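Below is one structure, written out as structure tokens; comments come after it.
The values are calculated or read from the model by the stated rules, or taken from the named source; none is laboratory data. Keep in mind that what you see is a predicted model, and the values were worked out from it rather than measured. Every residue, glycine as well, gets a Cβ built from its backbone with ideal geometry; the counts of neighbours run over all protein chains shown. When the accessible area is computed, the model is the full protein with side chains, heavy atoms only, and any ligands, DNA or RNA have been set aside. Shrake-Rupley method; radii C 1.70, N 1.55, O 1.52, S 1.80 Å.
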Amino acid sequence: IGDTNLFSGRVTVVEGASAMVAVDDLATTLAVRIEPGSFPVGSRVSLTVRPENVKVSEGRSDQAAGLTGRLEEAVYAGAHLRCRLRVNGIEVLANLPAGPSHDLRVSVGDLLPIAWSPDDSVIQSSSL
């Protein structure tokens, strides 16, 4: 199955096929796409985001997740750079493309924007 980023939270807003989820421990809300009517406001949910869908940049990001994380580790893994970041005590994994055309100049300890598209989040009911 591989790695994923898993977040727990509560649905706070639903508008058609879009919802906002207040994520436990991140002190933020994240936008997600849903099937209309599938998650009413107040629902406890889990969100997953694959590491390859997490974008890390040196500057400001315009994607919806809009978090900032401290880079704790970056390991070259052939086709990608496996990054481990920390956001409010929560680990976030990102697999970034490696190679000269994807030259991200960052160092362990840097604070970096982290983002992903609402379409890249998978939401499911949570019994927590």
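Assorted remarks:
- In the context of the full set of protein chains, the chain has a per residue accessible area of 54 Å² (1.4 Å probe).
- Between the entries (1) 0.99; (2) 1.05; (3) 1.02, the label attached to Rg/Rh (Cα atoms, Kirkwood Rh) calculated for this structure is (1).
- With contacts taken as Cα pairs under 8 Å at a separation of at least 6 residues, the chain carries a relative contact order of 30 percent.
- Length available on full extension from S117 to E52: 0.36 nm per residue minus the Cα-Cα distance, which gives 22.2 nm.
- Per-residue accessible area (protein heavy atoms, 1.4 Å probe) orders I123, I114 as I123, I114, starting from the largest.
- Sites D24 and Y76 - FRET efficiency at Förster radius 35 Å, r taken between beta-carbons, to 0.05: 0.60
- Estimated from the Cβ-Cβ distance and a Förster radius of 35 angstrom, the FRET efficiency linking S8 and V108 is about 0.80.
- Rounded if a/c under 1.5, otherwise prolate or oblate - the stretch 1-42, Cα gyration tensor axes: oblate
- Simple spin-label estimate for E35 and S125 gives 1.2 nm between the two label positions (7 Å along the Cα-to-Cβ direction from each Cα).
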